[in-house]
Amino acid sequence: MPVVTKPDVPAVKDNRERFLERAMSRHHYSGDALIEVLHTAQELYGFLTPALLKTIARKLRLPPSRVLGVATFYHFFSLEPKGEHSMIVCTGTACYVAGAQGLMRVLEHRCAKAGSTSPDGKMSVQAARCIGSCGLAPAVIYDGKILPRLTPDQLNAELDRIGVK
Amino acid sequence: MAERIIINPVTRIEGHAKISIYLDDSGRVDSAQFHVVEFRGFEKFCQGRPFHEMPGLMSRICGICPVSHILASAKAGDHLLGVQVPPAAEKQRRLVNYAQLLQSHALSFFHLSAPDLLLGFDSPVEKRNVFGLAEKHPETARRGIRLRQFGQRIVELLGGKKIHPAWATPGGVLSAVSTDTRDEILACVPEAIDTLQKALSTMKSIMDTFHDEIEHIGNFPSLFLGTVSREGELEYYNGLIRIVDGEGNIVADGLDPLRYHTFLGEASEEWSFMKFPYYKPLGYPGGMYRVGPLARLNVARWAGTSLADRELREFKQRIRESVCQSFHYHMARLIEMLHAVERIEEIASDAELLDTHVCARAGQNRNEGIGSCEAPRGTLFHHYTVDDHGLIQKANLLIATAQNNLAINKAVEQTARRFVAGNTMTEGMLNRVEAAIRCYDPCLSCSTHAIGQMPLVVELKSSTGDVLSRIERG
Amino acid sequence: MKTIILAIGNSLRRDDGAAHRVLELLESQSGVFTRSLLQLAPEQSEEIAPARIVVFVDADIEPGPPRIERLPRGDPPPRSPLAHSLRPAEVVALARSLFHFTGQAYVCRVPGADFSEGEGLSGTASRNAIRAAELLRDLLYTPESR
Amino acid sequence: MSVRTLEIDGKAVTGVAGQSIFSVAWDNGIHIPRLCHVGGVSDVGACRLCMVEVEGQRKLVAACMTPVEEGMVIRTNTEQLLAHRRLIVELLFAERNHICAVCVVNGACELQDLAASLGIDHVRLRYRFPTLSVDTSHERFGLDHNRCVLCSRCIRVCDEVEGAHTWDFSGRGVNSLLISDLGEAWGESESCTSCGKCVQVCPTGALFAKGKMVSEMRKDRRFLKYIVTAREKHEWVR
């Protein structure tokens, strides 16, 4: 019963529904596994559509409002398509003191506000509370890779390199 | 333009107003402007609110005539629901509307205007006030208070509160009237009628002494707009709009208040925050019209109640055709009050008033609702646009004082022309400029009432902006 | 004979409603009647007539400490009204000439700071309301009036 | 059922094991302020208004979430507690747009009553004035987020008594918002049975019956107890 709308149309057969189903079945469709299932769905689809949430709620026999509540509570889950790349700015105390706000301003100016994606879909920007690398402050995580002791100029150069206009 | 006289009277009470009189080089009055800073927040902050909240919200616009705003608002709500309110509810609404007219007019006549009228415009300012009146005519002053209390009491009995009652709701009203309430109302009627007949006969006996004021305070041709019943009687709650010209000829008749925007335009001027409504076919500012007590008597053929009819006939004979003199607003208020008391008696005697079915229930059936009624100061329109879930998207309020705005300006200008002589300002001139405004009993929407209001300031300025003289009083 | 306290003001204009707060702060006491009003109208002259002491509590736009003043006898200062409310002195003058009021009249001023649209008092007005209530207690709740 | 003897505000009282401090206090006429507790559904300790002092404990405890223990000495009304409560209520007022003068439950609102009883006449904090919507898509009821204090009574009564679990919170912290189902308009919710229980338990005018005007709405504060007693004990007592 494919109710899931596909964020993009794959050339090959889409196995994602099957993977998601398998994840739920592994947890015996238990409501307690909601967060794990949401994780799987997010990894498979990149973001959580209303249709996806509805399917998960029905399979796990949970009220839809709780599923949406959980999905919006954690910053990890996204209800909008993610950008091609992501930058997570650490705004923990050490990074803040070392100038995280300046980095955030650069990203806001050139890409998007924290928590959203640039209009061209190129870059998602997020803020994090302390990533535990205070020695590298201020730090930005670019596609899972730490960019340590970053200055606004270096960040600008990095964005140029990635191709952000 | 050489000199400018500025009267800066009401800054913190009921909005902000200022009068500027412009003199030409020879010291004669060139023009006059009545500036108003009206608090217009209501049209903005009701956006996004459910329309059922509107009567309660709109009643907050004014502490003087909250009932009118509730009624116009509830009627706009009726329109959105597409229902006919139950007869008992309509009777309650009419009753309270008459009661409010009574209390508002009583204050205007007995306490604001009577000192001018009964003591004379040129009597010393120390005595020409409500205390001077209390000294010389204690019985009139006392009666005026009791008449106002009667009106207030009805509003309180039916509305639950005197100042911001919230009892009318889209579809009807909230509760039924008890027999005790009805009896209490009826018991007060005879004294009220007596008070008004006495005041009318006093007023008629002194009318001729005001020849000068009648001729020169706000006497100019204009259109008059008011609501009449299908039979052409005085009507305050539900009727059709009629417009007559300065000679009493009907210019337009049978206009549906729900289509007000097809015949009324709203202009604005940079020197005032208040709108300048006008009659569209005659353009701006040629389409100047007046509303309120005098306008209603001018558009109606009959009052529809016996005592008021007799007075109205006499009034119309006395001044023939249509009445253009603003001064007659005072007399018109007395006749309207008499009519209101007669109608109050009529409604209170009707058994249907006590019916307990007072609210028609329905869901929203339209996206646009218009409600209109006659407020003490004139015709009032509330116009709401709502989304499919009943949330207000746009609200337009056309209030009586705004509709008299052009006429008030004209009256001030004309009065100043007559009573301003040279570069000096006399008490008499000031009195009469204020008297010209007082005819319309303008209500400039509510503000604070704290101690420390700005005094009345009159400034005479030279062309270079120097203050040549200045009068200030509390 | 009784004491009447009239609180005047519009609580939708923030500190303009300070007088109402003063009333709330006063404990009820036998022989003391209180009323909250938006503004004074002629009919208040009849209401206050039977009182021995009447106090008008009102917000004040002039800054300074709250204070209670005795209203002088005699006519109130003249004015030519365009607005629809009366001043305390006017209500008292009416009460004297029409309803045989012979009592003493006071005005209690509660200075405010913020008279914009909205509800709730500013810190200034709140403090002044508390002080004004104390002043009223001193004036009205003296041993002989108990 | 084993009995616990303790002291609340200097008064010797008894409760049964497992009973909350809040409940024992109320049984004994000591009314601890609250916004999130409502008799008939589970407690969550969300509003923090019922915080009390327990002798020998450094931290304040939520009376609704703490079971009574033998020999406890509890104070519910100290200066410190009152100051906390005042601050909590002021925070609630500052957080959203609570305008009593135009509210349907003006005069019968638990938040308003609470503020009055705590002597709050102004808010020391800066108001946030968030732009929040009103949802009147439901045929009979409306939701005004401006007046919501996030007490979650509606969520619990819908879940535990009605069994629909239409409501929940989305987001977190200051961005929390009451949602129905997957965030669609209330009127489009598939799970809502239109029973109106949430409207009755809402302490403010956030959930209201449509068609009510300012100050007109009065909520039935006893109905939930009636339903729950009927369901659990088969006794229909008002």
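What follows draws every value from the coordinates through simple rules; no lab data is involved. If you're wondering where the values come from, they're calculated on a predicted model, not measured in any experiment. Positions of Cβ are generated from backbone atoms using ideal geometry, with glycine treated the same way; all protein chains shown enter the neighbour counts.
For the reader, a short list of remarks on this structure follows.
- Exposure proxy ranking, count of Cβ atoms within 10 Å, fewest first, for C:Ser30, B:Ser268, B:Ser108: C:Ser30, B:Ser268, B:Ser108
- Residue mean of other protein chain beta carbons inside 10 Å, D:172-184: 4
- Chain D: most fluctuating residue of D:Ser176, D:Ser152, D:Ser23 per GNM, C-alpha cutoff 10 Å: D:Ser176
- Highest to lowest packing among D:189-195, A:84-90, scored as the average C-beta count within 10 Å: A:84-90, D:189-195
- Considering only Cα atoms, the convex hull volume of the stretch B:178-234 works out to 166 Å³ per residue.
- Each residue of the stretch A:125-136 was assigned a 3J(HN,Hα) from its phi angle through the Karplus expression (A = 6.51, B = -1.76, C = 1.60, θ = phi - 60°), giving 10, 9, 10, 10, 7, 4, 9, x, 10, 4, x, 9 Hz with x at Gly and Pro.
- Residue-averaged 222 nm ellipticity for the protein assembly as shown, from DSSP H runs of 4+ at -39500 (n - 2.57), nearest 500: -10500 deg cm²/dmol
- 10 Å Cβ neighbours from other chains, averaged over peptide C:107-115: 2
- The orientation-averaged projected area of the convex hull spanned by the Cα atoms of the stretch D:118-238 comes to 9.5 nm².
- Relative packing of peptides D:155-162, B:221-228, C:46-53 - highest average C-beta neighbours within 10 Å first: B:221-228, D:155-162, C:46-53
- Largest GNM mean-square fluctuation among D:Phe169, D:Phe93, D:Phe22, using chain D with Cα springs under 10 Å: D:Phe169.
- Selected from C:Arg96, C:Arg35, C:Arg14 as most flexible by GNM, with chain C as the system and alpha-carbon contacts under 10 Å: C:Arg35
- The three principal axes of the Cα atoms in the protein assembly as shown give end-to-end lengths of 101, 72, 61 Å, sorted in falling order.
- Cβ screening of chain D for cysteine pairs under 4.7 Å finds these without a partner: D:Cys50, D:Cys64, D:Cys100, D:Cys103, D:Cys109, D:Cys148, D:Cys158, D:Cys192, D:Cys195, D:Cys202.
- For C:Ser122, the amide hydrogen comes within under 5 Å of the amide hydrogens of C:Asp15, C:Ala113, C:Asp114, counting only partners 5 or more places away or on other chains and with H modelled in the peptide plane.
- For chain A, the longest principal axis of the C-alpha atoms and the axis of helix A:100-110 are separated by about 70°.
- By the Cβ distance rule of under 4.7 Å, chain A has these cysteines without a partner: A:Cys111, A:Cys130, A:Cys134.
- For the stretch C:45-60, backbone phi angles converted through the Karplus equation (6.51, -1.76, 1.60; θ = phi - 60°) give residue-by-residue couplings of 5, 6, 4, 7, 3, x, 7, 8, 10, 10, 10, 9, 9, 8, 6, 10 Hz, Gly and Pro being listed as x.
- Amide H contacts of D:Cys103 (H built 1.01 Å from N, in plane; Pro and chain starts excluded): D:Ser215 sit under 5 Å, all sequence-distant by 5 or more or on other chains.
- With the simple model of a label 7 Å out from the Cα in the direction of the Cβ, A:Lys165 to B:Glu156 spans 7.1 nm.
- Shielding by partners, peptide A:56-69 (average Cβ within 10 angstrom, other chains): 6
- A protection proxy built from the mean count of other Cβ atoms within 10 Å ranks the segments B:341-347, D:5-11, most packed first, as B:341-347, D:5-11.
- For the stretch A:23-28, 3J(HN,Hα) computed residue by residue from phi via the Karplus equation (6.51, -1.76, 1.60; θ = phi - 60°) reads 4, 5, 5, 4, 9, 6 Hz, glycine and proline entered as x.
- Residues B:Cys62, B:Cys188, arranged from fewest to most other Cβ atoms within 10 angstrom of their Cβ, appear as B:Cys188, B:Cys62.
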